[in-house]
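Derivation of every value follows stated rules applied to the coordinates shown; laboratory data play no part. These numbers were taken from a predicted model, which means no experiment stands behind them. For neighbour counting, all protein chains shown are included, and Cβ atoms are generated from backbone atoms with ideal geometry for every residue, glycine included.
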Amino acid sequence: MKSLRNWTIVILAVMVCAGAMILSAVASPVDVRATYNEQDGQVTISGQLSSEAGKLVSLQVINPLNQLDLLDQTAIGADGSYQFSYVLKQKINGTYFVNVNVEQSTQVLGTTFEVSVISPPTSTPVVTPTPTPDSTSSDSDDSSTTAPQPSTGQPVVKSSPHVVVDQTGAIVSAKLDKEAVDKVFSTGDSHLVVEIQPVEGAKQYQMYVPASMFLAAAEQQMTIVTEFGSLTIPNGLLSNVDLHSAAEVGFVIASADRSSIPDEMKGQIGRRPVLELSIVVDGKPVNFNNPSTAVTVAIPYQPTEEELKNPEYIVVWYIDHAGEARAVPSGKYDASTGTVMFKTTHFSTFAVGYQQKSFADLSTVEWARKPIEVMASKGNISGTSDTLFQPTVNMSRADFMILLTKSFDFNADVTTNFRDVHPIDYYYEAVGIAKQLGLAEGQGDGTFHPNEQISRQDMMVLLARAMGAAGMQIAKGAPSDLEAFSDKSHIASYAVNEIAALMKSGFVEGSGSMLNPTGYATRAEAAVMLYRIYNKQQNQTVVPDAPDIYFER
C-alpha cells in the first residue's frame, strides 16, 4: 500500500508540473487562495471549484529555492470548496508558488504567497587605529572589525597595521613588511586578514604588501578589510604579472567618483555603493585581468525594506570605461554578513544595483518563473528578445554554452575553437572558453554541432564538469549509483560518471525509475538547473530533496 501511495504521488507530481492532463468535459478550477501566518508558519490554501463534489484536487507548492515544499491531494466538498493546511518545515525568504489542479481537468490554476525572513546586516563598529607600526594577533584575541569579510574556513591571523593619512585626509595608506608577512605564514596559517581602521573623511584606502607574497607556491590568501568593502585575494592572483623584480604590490579600494558615471546609470544606482578597485606594482598601475583566478569582493550594504522582500534581485554591475554597465553574474546579497558579494577576475568600477527582469511568456512555466527572472536580472541568461524568453523551446548546444560560461563567470583566452564554430558566430567566445577549459570535447571529429538541440545527458555532463572547474564540491559518481533507473542503459558511456555525480549531490533525482537522458532540455529547464547550481555555488549547500526539473513542465 505504501509503495502504491508513493507511485501515486510521483504520478501526481508529473501531472501537475507537466500539465499533461487527460482531456475531459469537467470544468476547471474557479479560484485558489493562499495565506501564510508569520507567527506559527501555518499555510492555508483554499478555493471554490465548479467541478463535481468528490473529485480529487491535486496541490503542489514550490519554495523560493525551487524545491518541492508540498505535494498533496484532497476531495472537493459538497459545497464545491477545498482546503489544504500545513506548517512550513523551513522558512525561506521569498515567493512560494502554488499550483492546483482538479482530477481530469485540462488546466492548472496558480497563486503565490510571500514569506519574509529579515536578517539585519552585521554592524560595522568604528575602532580607534592601533598606534603600533604593525600589530598581529590571533583570531581569538582580536574582536575588532571594520567591515564583514567572507569566511574561508582556513586558519586565520588578523593584522591591524598603522595607517598614514595624506594632507587632504582623503587617502589612507597601510603597509605590511616582508618580515611580518613571512612570520604569519611560517606558522602554518594560510589566511591573513588585514583590517584597515576607518578614518573619517577617507575616500580611498591603500594596502601595500611585499610582492614576494604572490610568488609563494603555498595556497595562501589575504583579506583586506576597509569600511568601503573587503577583498579576499589568493596568492596566485598576479600569476600573469612579472613580479620577480618587484618590491611591493598595492591594492586600492576607493569610493568611486560618480561624476563620470552616465546619468542613466546614476538613476539606476541611486544612493547604493559604487567602488573603484585597482592594483599598483611599485607605484605603477597594473591592468589586472586574470581569467584563471578570482578575487572575492564583499561590500557592506543595507537593503531597503522593499529590497529585503526580494533580495535575490540585488545585483552587481561592472561599469566599463565607456560608461556601459554589465551585470556581474556572481553578485549576490548575503544577509548573514550584511554584504553584497561577488567574484571578479578583473578590477574596475563596480556598483550595487537592484533589478527585476521578467518576460511576457512565463505564465505557462510558473515553476520556473523565479529562476528565470533571477538569472536574467543577474545577467546569467537572456531572453530571445527584450520581452520574450520562449521557455518551452528546446535549448541549443551553443546557447547552453553561453548560459554556462556566464553563470560560472568563466573566462579564458580563446586561441582555438571547433571546426564548425567561426569568429563571426555570436557564441564563438562562449564555446571557445568551454573548449579551452576542457568542458566541451566536441564530437570527436573536431566539430561541436552548435545549432543542434542539447540532450539532457549532455547538459548534465557539462554542468558537472563546470562545477569541478569552478572548484565546487560535488560527489564522485559511479555506474552503481544509477542502478535504480530502468533507462540507465540509454546513458552514453561518457556521461555515466557525471550524471551519477549530480545524482549523489542532489541535483537530479529522475522521475520514478526514469532519467530520460536522451531527451532534449528546454530553455526553462536549463535556467532552473543553472539557478540551482548558482545558489549552490554561492552557499556551498546541496538540496537533496529538490525535485527533478526535467519533469517540471
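Brief remarks follow.
- Listed from fewest to most Cβ neighbours within 10 Å, the set T522, T296, T44, T226 follows the order T44, T296, T522, T226.
- Extension gain, T447-A335: 0.36 nm per intervening residue step, less the Cα-Cα distance, totals 35.8 nm.
- Excluding same-chain neighbours fewer than eight residues apart, the aspartates and glutamates reachable from K203 by a Cα-Cα span under 19 Å are D166, E195, E227, D257, E276.
- Charge tally in the Cβ shell below 14 Å around D413, where Lys, Arg are +1 and Asp, Glu are -1, D413 excluded: 0
- Zone of R271's modelled label, taken as backbone nitrogen in the stretch 306-325 under 19 Å from a point 7 Å along Cα→Cβ: 306-309, 314-315
- Length added when fully stretched, V164-M472, from 0.36 nm per residue minus Cα-Cα: 106.9 nm
- Mean Cβ count within 10 Å, highest first, over the residues of peptides 334-342, 359-367: 334-342, 359-367
- Stretched out straight at 0.36 nm per residue, the stretch from S239 to D420 would grow longer than its current Cα-Cα span by 61.9 nm.
- Magnitude of the charge dipole for the stretch 134-354, about its Cα centre and with charges confined to Cβ atoms of Lys, Arg (+1) and Asp, Glu (-1), is about 340 debye.
- Straight-distance candidates among the aspartates and glutamates for linking to K89, with alpha-carbon spacing under 14 Å and chain neighbours fewer than 8 residues away dropped: E38, D40, D69, D545.
- 19 Å Cα-Cα threshold exceeded, pairs from K435/K488; K332/K357; K476/K504: K435/K488
- Of L275, F342, G353, farthest towards positive along the dipole that unit charges on Lys, Arg, Asp, Glu beta carbons give the stretch 134-354: G353
- Set of lysines with alpha-carbon distance to K178 below 23 Å, sequence-local pairs under 8 removed: K158, K284
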